[in-house]
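The values are calculated or read from the model by the stated rules, or taken from the named source; none is laboratory data. All figures in this text were calculated on a predicted structure; none of them were measured in a lab. All Cβ positions, even for glycine, are placed from backbone atoms using ideal geometry, and neighbour counts span all protein chains on display. Surface accessibility is based on the protein's heavy atoms, side chains included, excluding ligands, DNA and RNA. Shrake-Rupley method; radii C 1.70, N 1.55, O 1.52, S 1.80 Å.
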Amino acid sequence: MTDAEIDHFDVLIIGAGVNGAGVFRDLCAQGVKCLIVDKGDFGSGTSAAPSRLIHGGLKYLETGELRLVAESTYERNLLLKNAAHLVRPLPTAIPILSWGKGVTAALRTLLGSTTAPRSRGALLVKAGLAMYDFYGARARQMPKHRMVGARRARAEIPALTPRIKALGTYYDATVTAPERLVLELIQDGLKASPGSEAMNWCTVMGQSQGVVSVGPEGGENRRIKPRIVINAAGPWIDRVNAVLGLDSRYIGGTKGSHVLLDHPELLRQLNGRMLYFEADDGRILLVLPFQGKALVGSTDIPSDEPDRVACTDDETTYFLQSLRDLLPGLAFSRDQIVYAYAGIRPLPNSDGVAPGLISRDHSAPTDPATGGRPFPVTSLIGGKWTTFRAFSAQVTDAVLDDLGVPRLRQTDDMPIGGGRDMPRSEEARTAWIDAAVRTTGARSERLAILLDRYGTTAHDIARHEGVDPVELVDAPDFTESELDWILRNERVVHLSDILLRRTPLGISGQLTPRLCRRVASISAEVLNWTSARELSELADLSTLLAERHGLHLDFG
């Protein structure tokens, strides 16, 4: 093997979830030549399975992780500004069923108890929300909390249990398309560093004497010689380290499952709010409006099987019964479920600690270079979706120090993808749409939809669509030329990439056999698939939807 057959990179990042993508963008912004690879699609693993929250971590006050709360609220506020097209304020209500319960249990947890507190009363919630406001003051974007009594609570949400004593309300945020945010981080990195590369559906095969073999799907293996390797493979970290010749036991993951309900009356009573509530077993659950459905989650079950993770019947039963207990005025059944998903949180190995109490803080241990592996490997462990930027900055600083490269710019105020120049006020929004109407010829109503979905990238998509785009069958808010633009510009490899990640068509419950066949046909035309490949993609999608998302579609 000659040196000419080897591609040299400063940094190889394995795993293109939000942490890996965040490090990639940050390093690229400093002029570092990077390669990021993922054995699946960008953002298709754990990063595709969160509760869709960007939050400060109210519950981490109980475990005394005050630094994490301060960091998380700050990062939440930054994302509301830097990714305003995808991260939006979310009013949140906490139903409270007692006045004084939980204080003693909370103190025990704060002092190190390994069991989760239960029945958090109004005094405890009030104290927690006041602290949350305090920690969220830095770069504040949203109002402070308030408390209302039982009568007001039942007036606002009539279906609530008569056991309700009070309702605490505060603001966090939601991310409308986490997989898209991951993709945009990678695209921003590629723009900042032309010598860098990003490869999805690319497996790490092994390493020998500092040369790493990667196998891109459908292509010949590439040989990569990095100076540093970042293992950002999430729940697969220990498996990737084994391929690189390391024996690590870093990860002790837990499974989080979610379901999407088609429940118009529940959405009406939520009225744009999330309910953040305690189940009878003390576990914190949530239900929030998402893509026209009600998102319910999540569980916290020890698991080390990220390749086969799915929401089980027992978890579904648990969700539905918890909703019935909280909202006896509404009916809940399995027939309302239109989509389900699950993922493994890459938490640190923490034997003997209740899953809900395992720290969500992040760490990045480094295994130094050896004679047979002349590059160090840094593994990204734990962390929260919300804090990916801070985690990325920490790792990037360490890498820059090792490379002897100065930091050229900070990422605190760096916009993400379509969040660049995003109009933040109604006046600015109207002005942006009016200007885009003149330059693209699109209708203002259509531009408003695209702006909400893609941020300022909407301008390019609208120009590609033209004046009178063809609506997508069974999903009229989307157009065929919109999907055509995505296929040509967003590194789609498989049908599932565009239906489950580049668009919200899957999670919003809009998939039908007819829609999937049409998108497969459009994809085949743009990506030059054969008829056999098109049929294979539909068959693979059918299997994936049934095994991982509880959705059974017959493509005939």
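Of the residues making up the stretch 312-330, just one is outside any helix (DSSP H, G or I) and in contact with a Pro (Cβ under 7 Å, 6 or more places away or on another chain), namely Gly329. Listed by first and then second residue, the pairs with beta-carbon distance under 8 Å, at least 6 apart or on different chains, first residue in the stretch 395-422 and surrounded by 13 or more Cβ atoms within 10 Å (Cβ to Cβ), second among the β-branched types (Val, Ile, Thr) and in a loop (DSSP other than H, G, I, E, B), are Val399/Val32; Leu400/Val32; Leu403/Val32; Val405/Val32. If you go through the stretch 43-62 and keep only what is open to solvent by 30 Å² or more (accessible area, probe 1.4 Å), within 22 Å of Lys126 (Cβ to Cβ) and assigned to a loop (DSSP other than H, G, I, E, B), you end up with His55, Glu62. Does the stretch 229-248 contain at least one residue that is in a strand (DSSP E or B), of a type outside the set (Phe, Trp, Tyr), modelled with pLDDT of 95 or more and more than 17 Å from Asp304 (Cβ to Cβ)? Yes, the stretch 229-248 contains a residue that is in a strand (DSSP E or B), of a type outside the set (Phe, Trp, Tyr), modelled with pLDDT of 95 or more and more than 17 Å from Asp304 (Cβ to Cβ). Residues in the stretch 423-436 that are part of a helix (DSSP H, G or I) and touching a residue at least 12 places away in the same chain (Cβ under 8 Å): Arg429, Trp432, Ile433, Ala436. With the structure loaded, tell me whether Gly466 is farther than 23 Å from Ile416 by Cα, open to solvent by 30 Å² or more (accessible area, probe 1.4 Å) and among the small types (Gly, Ala, Ser) or whether it fails that test. No; evaluated as a whole, the condition is false for this residue.
The residues listed here are Phe319, Phe391; of these, the one that is closer than 20 Å to Val182 by Cβ, touching a Leu at 6+ places or on another chain (Cβ under 8 Å), aromatic (Phe, Trp, Tyr) and open to solvent by less than 10 Å² (accessible area, probe 1.4 Å) is Phe391. Restricting attention to the stretch 257-280, the residues that are without any contact (Cβ under 8 Å) to a residue 60 or more places away in the chain and either in a loop (DSSP other than H, G, I, E, B) or within 29 Å of Asn349 (Cβ to Cβ) (or both) total 2.
Here is a yes/no grid of residues against (1) assigned to a loop (DSSP other than H, G, I, E, B); (2) of a type in the set (A, V, I, L, M, F, W, C); (3) open to solvent by less than 10 Å² (accessible area, probe 1.4 Å):
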{"residue": "Gly168", "(1), (2), (3)": "no, no, yes"}
{"residue": "Val182", "(1), (2), (3)": "no, yes, yes"}
{"residue": "Leu185", "(1), (2), (3)": "no, yes, yes"}
{"residue": "Leu190", "(1), (2), (3)": "no, yes, no"}
{"residue": "Gly195", "(1), (2), (3)": "yes, no, no"}
{"residue": "Thr203", "(1), (2), (3)": "no, no, no"}
{"residue": "Val214", "(1), (2), (3)": "no, yes, yes"}
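Flag: Lys293 does not match the condition of being crowded, with 18+ Cβ neighbours inside 10 Å, modelled with pLDDT under 95 and within 18 Å of the chain's Cα centre (by Cα). Checked against (1) open to solvent by less than 20 Å² (accessible area, probe 1.4 Å); (2) modelled with pLDDT under 95; (3) among the aliphatic types (A, V, I, L, M); (4) within 30 Å of Ser213 (Cα to Cα), Leu285 passes all but a single condition, namely (4). Candidates Ala435, Ala475, Ala448: the one that is open to solvent by 30 Å² or more (accessible area, probe 1.4 Å) and either of a type in the set (Gly, Ala, Ser) or in contact with a helix residue (DSSP H, G or I) (Cβ under 6 Å, 6 or more places away or on another chain) (or both) is Ala435. Residues considered: Thr530, Thr503. Of these, the only one that is free of Cβ contacts under 8 Å to residues at least 40 places away in the same chain and over 28 Å from Leu295 (Cβ atoms) is Thr530. Close contacts from the stretch 297-309, counting a first residue that is in contact (Cβ under 8 Å) with a residue 12 or more places away in the chain and a second that is among the aliphatic types (A, V, I, L, M) and surrounded by 21 or more Cβ atoms within 10 Å (Cβ to Cβ), with Cβ to Cβ under 6 Å and a gap of 6+ residues or different chains, come to Ser303/Ile344; Pro306/Ile344; Val309/Ala342; Val309/Ile344.
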